[in-house]
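Let me begin by presenting the structure, written as structure tokens, before commenting on it.
The values are calculated or read from the model by the stated rules, or taken from the named source; none is laboratory data. What you see is a predicted model, and the numbers here were worked out from it, not measured in a lab. So basically every Cβ, Gly included, is an ideal-geometry build from the backbone, and we count neighbours across all protein chains shown. Quick note on the areas: whole protein, heavy atoms, side chains included, nothing else; ligands and nucleic acids left out. Shrake-Rupley method; radii C 1.70, N 1.55, O 1.52, S 1.80 Å.
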Amino acid sequence: MINAAGTKTRIGGSRIRPEAIDAMERAAESFVVLSELQSAASERISELTGAEAGYVTAGASAGLLLAAAATIAGDDFEAMAQLPVTDGVADEIIMPRTHRTAYDHAFTAAGGTIVDVGTNDVELGTGAATVEPWELHGAISEQTAAIGYVEKSYTQPPLSVVTEIAHEHDVPVIVDAAAEVPPVANFERFIDAGADLVVFSGGKAIRGPQTTGIVAGRSALIESIALQNLDMHIARDIWDAPSIIDSVALEEGVPRHGIGRSAKVGKEELAGLLAALESFVTEDQDAVYETWMARSTYFHQQLGGIEGVETTIDTSGESRAPVVELSLDPAVIDHSATEIAADLRSQDPRLFVGSDRLTEEMIVLNPMCLTDEEVEYVLERLLEAITPKATSNVEPFTE
Ligand SMILES: *Cc1c(COP(=O)(O)O)cnc(C)c1O
């Protein structure tokens with residue numbers, strides 16, 4: 001199939017980088033103490049993000065689960081052992097209502113109870129704020145474990161406002177920034193704005209293995225993540241604590257497998273993610289962007305002239321890639337956007353176009369996951385699928 005829809009997990013995310021595949025192959029034939037590899041990853045993530053520490057997870061969603069587990073259990077082995085049961089433990093994760101997504105299931109899976117604040121009044125077009133500072137202050141209590149924040153171009157309020165309120169009450173902030181790189185500078189941006197844990201996906205623009213993610217943040221919380229994710233079947237007398245958990249007091253024993261053990265990260269994924277990350281941060285981002293822009297400009301020029309089709313290049317979107325929006329005029333075009341997208345999907349090879357806005361009669365083309373060879377093919381298929389109504393050229397019948 002051909003992916004003109006962008007880095008969507010459900011159709012395979014992105015093309016993994018060759019460097020990542022090499023690293024995964026080598027890792028597959030080797031042994032490594034996973035906690036030591038995680039410690040090395042932590043140092044690298046720390047350099048890149050400016051955070052105290054970092055951790056490689058089985059995807060951003062797994063990272064959110066572990067972040068919730070860390071903010072709920074902290075360094076309390078008993079609390080770790082009982083998650084997702086949170087009897088006697090503060091488990092509330094406060095979220096501005098407009099930040100709720102299907103991904104927040106990861107918070108509840110860890111034992112979190114989501115408390116949402118604010119309103120959706122912004123949808124009324126009133127200009128009202130989605131959440132006011134007093135609402136966040138008011139929601140924080142003894143039961144609060146964290147504030148959850150989802151970073152998007154449109155999210156309110158700014159992260160720094162939320163972290164300031166949270167820190168006044170000694171509450172950590174977890175940021176879901178899964179799709180927020182590139183730009184590479186965003187690795188630092190959320191930590192700079194005071195986030196305590198930030199989660200990125202490894203399988204989107206980083207182009208690491210699909211089942212990887214990154215958490216960056218405070219070392220005490222990363223330690224808790226490590227303890228709840230690592231395999232803890234250790235012989236303590238001959239065990240050297242790796243640096244990622246070396247400040248944890250283990251005189252009273254080691255924790256059992258935590259809730260994160262079900263979100264295991266393999267050595268192959270760890271090695272693959274680290275290799276992909278290196279390549280991602282050193283590649284020429286401007287050149288990559290130019291490639292995307294050239295493809296989108298081509299689509300824009302070739303499709304924009306069709307009667308009943310209006311094209312725009314939108315550079316403000318989630319993936320930061322310049323995407324082409326095709327607005328179809330139902331009075332002129334024979335098929336609806338939904339019919340066209342469905343038709344393209346049923347061809348061989350199947351062609352997936354961006355379908356988040358079909359109800360607005362809009363098809364979106366995302367250049368990120370295409371190759372140059374595929375670009376022309378996508379155009380050909382679209383030209384065939386988007387046919388102005390045959391009747392529009394037919395003279396009216398008169399006797
Ligand atoms: C993609 C995405 C995730 C999940 O990322 P995975 O690495 O696939 O687990 C979580 N949150 C947001 C906002 C996303 O866009």
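If r is the Cβ-Cβ distance from V161 to E36 and R0 is 41 Å, what FRET efficiency results, to the nearest 0.05? Plugging the Cβ-Cβ distance into 1/(1 + (r/R0)^6) gives 0.60. Each residue, T338 and H169, gets one label point 7 Å from its Cα in the Cβ direction; the gap between the two is 4.2 nm. When the P(r) is computed for the range 1-159, the part past 27 Å accounts for 42% of the Cα-Cα pairs.
Heavy-atom accessible surface of the chain, averaged per residue, reaches 47 Å², computed with a 1.4 Å probe.
Peptide packing: for 114-125, 171-182, 53-64, the average count of neighbouring Cβ atoms within 10 Å per residue gives the ranking 53-64, 171-182, 114-125, highest mean first. Once the C-beta distance of T9 and Y154 is scaled by a Förster radius of 30 Å, the resulting FRET efficiency is 0.90 to the nearest 0.05.
On full extension, the segment bounded by Y377 and K264 gains 36.8 nm, given 0.36 nm per residue less the C-alpha separation. For the chain, adding -39500 (n - 2.57) for each run of n ≥ 4 DSSP H residues and dividing by the number of residues yields -11000 deg cm²/dmol at 222 nm.
Computed from the C-alpha gyration tensor, the three semi-axes of the ellipsoid equivalent to the range 70-159 are 28, 13, 10 Å, from longest to shortest. The packing ranking, built from the mean of other Cβ atoms within 10 Å per residue, places the peptides 232-244, 27-39 in the order 27-39, 232-244, highest first. Rounded to the nearest 20, the Cβ-based charge dipole of the chain about its Cα centre (Lys and Arg +1, Asp and Glu -1) stands at 660 debye.
The range 1-18 and the range 127-166 have Cα centres spaced 33 Å apart.
Taking only alpha carbon atoms, the range 281-361 gives an Rg to Rh ratio of 1.02, where Rh is the Kirkwood radius.
Projecting the Cα atoms of I11, V323, I191 onto the charge dipole of the chain, computed from C-beta unit charges around the Cα centre, puts I11 farthest toward the positive end.
So how much slack lies between D192 and I234, counting 0.36 nm per residue of separation and subtracting their Cα-Cα distance, in nm? Contour length minus Cα-Cα distance gives 11.5 nm. Model label sites at V248 and A28, defined 7 Å from Cα along the beta-carbon direction, differ in position by 3.0 nm.
Packing around the peptides 127-138, 268-279, taken as the average count of other Cβ atoms within 10 Å per residue, puts them in this order, highest first: 268-279, 127-138.
Under the convention that each Lys and Arg Cβ holds +1 and each Asp and Glu Cβ holds -1, the size of the dipole of the range 123-202 around its Cα centre is about 240 debye.
The count of lysine pairs in the chain with alpha-carbon distances below 20 Å, taking only pairs 8 or more places apart or on different chains, stands at 5.
Is the shape of the range 67-120 best called rounded, prolate or oblate, per the rule: a/c under 1.5 gives rounded, else a/b larger than b/c gives prolate, else oblate, with a ≥ b ≥ c the square roots of the Cα gyration tensor eigenvalues? Verdict is prolate for the range 67-120.
In the chain, one over the average inverse separation of all distinct C-alpha pairs is 22.9 Å, which is the Kirkwood hydrodynamic radius. Length gained on full extension, T291 to R256, computed as 0.36 nm times the residue gap minus the Cα-Cα distance: 7.7 nm.
The base-10 log of I(q)/I(0) for the range 232-326, evaluated at q = 0.11, 0.14, 0.18 Å⁻¹, reads -0.63, -0.75, -0.95 [Debye formula, identical scatterers on Cα atoms, solvent excluded].
The Cα-based radius of gyration of the range 171-308, divided by its Kirkwood radius, gives an Rg/Rh of 1.13. With the dipole of the range 1-149 worked out from charges on the C-beta (+1 for Lys and Arg, -1 for Asp and Glu) around the Cα centre, which of M24, T49, G127 lies farthest toward the positive end? So the residue furthest toward the plus end is M24. For the pair the range 319-336 and the range 29-65, the centres of their Cα atoms are 41 angstrom apart. Spin-label pair V184-V85: with each label point 7 Å from Cα along the Cα-Cβ axis, the two points sit 4.8 nm from one another. Output the antiparallel fraction of DSSP beta bridges having both residues in the chain, as a percent to the nearest 5. Bridges in the chain are about 55 percent antiparallel.
Among residues other than L136 with Cβ under 12 Å from its Cβ, the summed charge is -4 (Lys and Arg +1, Asp and Glu -1).
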